[in-house]
Amino acid sequence: EESARTYAASLKQLNRKRRERTKENERIVEDLLAASPHKIDRPIIFCYHPDLKPGVSGIIATRLLERYGKPAVYVNPDGKWARGSARSAGINVLNLLDRAAHLFIQFGGHPEAAGFSIEYDKIDLLEETLTNLDFTPQAESMAEMSAHLDLHPSRLGRSLFEELCAMEPFGQGNPEPVFRLPSCEMYAHHFTKEHARFRVRGASGIEFVAWRMAEVIRALGSAPVTLFGILERHL
């Protein structure tokens, strides 16, 4: 029992540090994409910044994939070489990386998740190579999504978010929970070129974001809808 308590305390400390590092890296990525919005319009989301910390690249790459619905490549410094993670859904990410294989020190993984190491002076060329590939992403239809749990909008909030944090890290074998919210009434819409933000009756203090679905949400208006999504905290 004493050993278990010691290991549990150590694990909690490591998890706290991982969360702090993830939060800091997410802030850097958000600033990077805000300063370079053209990166979001490309077929692949590619992020590198010299201030990014190692150790959570898979988590960040997965969140970029979920947020933008596109293959995501995330690269951070890690000593002698830079290291990166790639995530995708519906497109074989290993095939994508294979088309830039000459740039890597090493790479590997499986069709939905891969990792690699690369020399720092080749990162820009990697971004140029991957973001100019000729392919058509096959985005998953919202109507075809499956959910882990049905919820009433009023259940969304801080307490649920904290429970989800205890289940992290999410990834292969431990997917992030997807919630289904039936018969939702949307209001307070705000549209950008591609994206839509809105509120839902009963979900106090929660902002809903539909990435690359502005026209769909605009056409729905205030009609009751069934929503599928994940719960995140935005800085």
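Computing the accessible area with a 1.4 Å probe over protein heavy atoms, can you report the carbon and sulfur percentage for segment 145-230? Kindly include the intermediate steps, with their values, before the conclusion.
Numbers: 2660 of 5160 Å².
Here it works out to 52 percent.
May I ask for the longest run of the chain untouched by GluC sites (Glu not before Pro) that are loop-located per DSSP and have at most 16 neighbouring C-beta atoms (other than their own) within 10 Å?
2-118
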When only the heavy atoms of the protein chains count and the probe is 1.4 Å, how do MET167, MET186 rank by accessible area, highest first? MET167, MET186
Starting from segment 141-235, pick out the trypsin sites (Lys or Arg not before Pro) whose DSSP state is loop and whose Cβ has at most 12 other Cβ atoms within 10 Å. LYS193, ARG233
Over all directions, how big on average is the projection of the convex hull of the alpha-carbon atoms in segment 186-235, in square nanometres? 3.7 nm²
In segment 10-53 the accessible area split gives carbon plus sulfur, as whole percent at 1.4 Å, a share of 54 percent
If you project the alpha carbons of segment 29-95 onto the principal axes, what extent comes out on each, in Å, largest first? 32, 28, 17
Accessible area of segment 79-233 divided out per residue, in Å², using a probe of 1.4 angstrom: 59 Å²
Given the alpha-carbon gyration tensor of segment 62-219, what are the semi-axes of its equivalent ellipsoid in whole angstrom, ordered largest first, with each equal to the square root of 5 times an eigenvalue? 34, 19, 14
Could you order SER88, SER204 so the one with the most accessible surface comes first? Probe is 1.4 Å. SER204, SER88
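The values are calculated or read from the model by the stated rules, or taken from the named source; none is laboratory data. Treat the numbers as computed from the prediction; the structure is a model and nothing was measured. Virtual Cβ from ideal backbone geometry, glycine too; neighbours counted across all protein chains shown. Note: accessible area is taken over every heavy atom of the protein model, side chains too, but ligands, DNA and RNA are not part of it. Shrake-Rupley method; radii C 1.70, N 1.55, O 1.52, S 1.80 Å.
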